[in-house]
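> I'd like to ask you about the structure that follows.
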Amino acid sequence: MTYLNPGAGAAREGRRTAAVTNAAAATAAAAAGATPTKAEYDALLADVNALRTKLNGLLAAMRTSGQLAP
């Protein structure tokens, strides 16, 4: 499929997204029993929140560089 707006594409040519570091290693582990403990749940929640923050940072960097619509 061809790009529908070559003028707008040329304005973004050569622009790069700011670096975003890789997500940290997961800290959560498989539940020891049938029901997760509070500590297991909290570790999983912390991992999900860290990934959410990382994803939002990447999306913001892509919007700033013009690779993603605001």
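The values are calculated or read from the model by the stated rules, or taken from the named source; none is laboratory data. This structure is a prediction, so every number in the text was calculated from the model and none was measured. Cβ: placed from backbone, ideal geometry, glycine included. Neighbour counts: every protein chain shown. What goes into the accessible areas is simple: the full protein's heavy atoms, side chains included, and nothing from ligands, DNA or RNA. Shrake-Rupley method; radii C 1.70, N 1.55, O 1.52, S 1.80 Å.
> From the set of residues in region 31-61 that are open to solvent by 80 Å² or more (accessible area, probe 1.4 Å) and in contact (Cβ under 8 Å) with a residue 12 or more places away in the chain, which is nearest to Val20 (Cα to Cα)?
Leu51
> Now, a different point. For region 7-30, give me the residue count where each residue is surrounded by 10 or more Cβ atoms within 10 Å (Cβ to Cβ) and modelled with pLDDT under 75.
Residues meeting the conditions: 6.
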